[in-house]
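Structure, as structure tokens:
The values are calculated or read from the model by the stated rules, or taken from the named source; none is laboratory data. This structure is a prediction, so every number in the text was calculated from the model and none was measured. So basically every Cβ, Gly included, is an ideal-geometry build from the backbone, and we count neighbours across all protein chains shown.
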Amino acid sequence: MIDFEIPKETAELAERVRAFVTEKIVPYEKDPRLTVHGPTEDLRDELVELARKEGLLTPQAPVEYGGHGFTHLEQAVIFEAAGWSTLGPVAMNCNAPDEGNIFLLSKICTPEQIEQHLVPMIEGHTRSAFAMSEPDGAGSDPALLSTTAVLDGVDYVINGRKWLITGAEGAQTWIIMADLVDVGPTLFLCTGDTPGIVIERVMDTMDRNYVGGHSVVLFEDLRLPASAVLGEPGQAMRYAQLRLAPARLTHCMRWLGAASRAQSIAVDYAKRRTAFGKPIGEHQGVGFMLADNEIALQQARLMIWWACWTLDRGERGRHESSMVKSSVSEELYKVADRCVQVLGGIGISDETPVGMIFRDLRAFRLYDGPTEVHKFAIARRILS
């Protein structure tokens, strides 16, 4: 039997989250510290303290570290509520890349790495970066990894250039993927002040809701001890998939919340704005766009819940998460586009958050793999 009822405790927490985001976080959307490169560190710290006071900081963390130990399905409900403002996940410390990095570190860290890196992240005191994408190497095809790690005595020396590294500027914890010579792709863990990490520049991008933006980073003779290896040498691709399958879904959850907010704003405007003798929502062209949005939002929600249910059953969920990521990212972008259209001229301005949501949802179609790569993986699976 299929049951779509949300457990009472989860529903009540989602209501608390939605009220917190609406009352405490939405007003910050006009704060000048929300820059073209994302929220400043100062703004992030202020938002985190608000969530801490409400007992809503890092709710997805394992129980042993003070979190709720949510199932994936419970996360879907809570993260959607947090995403009502694009700053909501920043405040609650459940935004990318930290949310996915916390998940990965909680699975494969040593006790020493947990104490140094994971606990401060869960407590909201530090941020992280996951350095994989390269300008001429790893990206949609991680097999093209060109950053190298060489064993030199008892240390590893890493050289290479990465780009589009979210949150690099100011990140205190770094997860670095490099091709360990004679072994294979390996993850390394270090602090952001380690000599050899050079942030060359923060890239100008269309989205602006990730602290630190997206950077070009040079690893220049970055020397790390053997204790910096994260997990087992040569297993980086397996760990990346461990991280990415649920991370694709949490992106979808958060952006479902943002798209629902855009729809709410468009619906309210369509009720108030009159043209040609009646509210524009009563004109079929506008009404149909809002109806299409409502259908798409519910379809996205149910797809997310289905994939979460799959993961909660103990399955790997790679195929399911690829289906959800490719479908949901495309449909939510269309939702935001229609909301801009309903709002007319005001939709392309910053008078409402809809324009910002639209830009971020366009970028979301590329996060954690573009639609085309996921469809390629889906096709390969069904043809095998």
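Cβ-Cβ contacts under 9 Å between residues 6 or more apart (or on different chains), taken from a first residue in the range 231-249 that is at positive phi to a second residue that is surrounded by fewer than 20 Cβ atoms within 10 Å (Cβ to Cβ) and of a type in the set (Ser, Thr, Tyr), are absent.
Considering the range 293-384, the qualifying helices (runs of 4 or more DSSP H), each wholly inside and each with 2 or more residues that are buried (at least 19 other Cβ atoms within 10 Å of the Cβ), under 19 Å from the mean Cα position of the chain (by Cα) and not aliphatic (A, V, I, L, M), run over 318-343, 354-364.
In this structure, does Leu47 turn out to be in contact with a Phe, Trp or Tyr (Cβ under 8 Å, 6 or more places away or on another chain) and aliphatic (A, V, I, L, M)? Lay out the reasoning, then the answer.
Values: in contact with a Phe, Trp or Tyr (Cβ under 8 Å, 6 or more places away or on another chain): yes; aliphatic (A, V, I, L, M): yes.
Criteria met by Leu47.
The residue list Leu164, Leu145, Leu151 contains one member that is at pLDDT 95 or above, in contact with a Pro (Cβ under 7 Å, 6 or more places away or on another chain) and surrounded by fewer than 24 Cβ atoms within 10 Å (Cβ to Cβ), which is Leu145.
Among the candidates Gln116, Gln172, Gln75, which residue alone is closer than 23 Å to Thr35 by Cα and among the polar types (S, T, N, Q)?
On the way: Gln116 fails: closer than 23 Å to Thr35 by Cα; Gln75 fails: closer than 23 Å to Thr35 by Cα.
Of the residues listed, the single one that is closer than 23 Å to Thr35 by Cα and among the polar types (S, T, N, Q) is Gln172.
Condition check ((1) in contact (Cβ under 8 Å) with a residue 12 or more places away in the chain; (2) of a type in the set (S, T, N, Q)) across all residues:
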| position | (1), (2) |
| --- | --- |
| Ala51 | yes, no |
| Glu64 | no, no |
| His72 | yes, no |
| Phe79 | yes, no |
| Asn93 | yes, yes |
| Phe103 | yes, no |
| Glu112 | yes, no |
| Pro120 | yes, no |
| Glu123 | yes, no |
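Just one of the listed residues (Asp182, Asp136) is surrounded by fewer than 19 Cβ atoms within 10 Å (Cβ to Cβ), assigned to a loop (DSSP other than H, G, I, E, B) and at pLDDT 95 or above, and it is Asp182.
Is at least one residue of the range 2-10 touching a residue at least 60 places away in the same chain (Cβ under 8 Å) and loosely packed, with under 15 Cβ neighbours inside 10 Å?
Step one: list which residues in the range 2-10 are touching a residue at least 60 places away in the same chain (Cβ under 8 Å), which gives 4, 6-7, 10.
In the following step, the residues that additionally are loosely packed, with under 15 Cβ neighbours inside 10 Å were identified as 4, 7.
Yes, because at least one residue in the range 2-10 is touching a residue at least 60 places away in the same chain (Cβ under 8 Å) and loosely packed, with under 15 Cβ neighbours inside 10 Å.
Asp45 meets all of the listed conditions (1) surrounded by fewer than 19 Cβ atoms within 10 Å (Cβ to Cβ); (2) touching a residue at least 40 places away in the same chain (Cβ under 8 Å); (3) among the acidic types (Asp, Glu) but one, namely (2).
Okay, residues lined up against (1) closer than 18 Å to Ile357 by Cα; (2) among the polar types (S, T, N, Q); (3) touching a residue at least 40 places away in the same chain (Cβ under 8 Å):
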site: His283; (1), (2), (3): no, no, no
site: Gln299; (1), (2), (3): no, yes, no
site: Thr310; (1), (2), (3): no, yes, no
site: His319; (1), (2), (3): no, no, yes
site: Val324; (1), (2), (3): no, no, yes
site: Ser327; (1), (2), (3): yes, yes, no
site: Arg338; (1), (2), (3): yes, no, yes
site: Gln341; (1), (2), (3): yes, yes, yes
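Mind listing whichever residues of the range 63-77 are in a loop (DSSP other than H, G, I, E, B) and buried (at least 17 other Cβ atoms within 10 Å of the Cβ)?
Gly67, His68, Phe70
Tell me, yes or no, whether the range 185-208 has at least one residue that is in contact with an Asp or Glu (Cβ under 8 Å, 6 or more places away or on another chain) and assigned to a helix (DSSP H, G or I). Within the range 185-208 (the criterion being in contact with an Asp or Glu (Cβ under 8 Å, 6 or more places away or on another chain) and assigned to a helix (DSSP H, G or I)), the answer is no, since none of the residues qualifies.
Restricting attention to the range 4-44 and to residues that are among the β-branched types (Val, Ile, Thr) and assigned to a loop (DSSP other than H, G, I, E, B), the residue that is nearest to Glu74 (Cα to Cα) turns out to be Ile6.
May I ask you to verify whether Glu112 is among the acidic types (Asp, Glu) and part of a helix (DSSP H, G or I)?
Values: among the acidic types (Asp, Glu): yes; part of a helix (DSSP H, G or I): yes.
Spelling it out, Glu112 is indeed among the acidic types (Asp, Glu) and part of a helix (DSSP H, G or I).
For the range 32-58, how many residues meet the condition of being on the phi > 0 side of the Ramachandran plot and in contact with a Gly (Cβ under 9 Å, 6 or more places away or on another chain)? Spell out the reasoning first.
The initial filter retains those residues of the range 32-58 that are on the phi > 0 side of the Ramachandran plot, namely 38, 55, 58.
Now drop any that are not in contact with a Gly (Cβ under 9 Å, 6 or more places away or on another chain), which leaves 38, 58.
The number of residues fulfilling the criteria is 2.
Taken together, the criteria exclude Arg254 from residues that are closer than 20 Å to Cys109 by Cα and either crowded, with 19+ Cβ neighbours inside 10 Å or basic (Lys, Arg) (or both).
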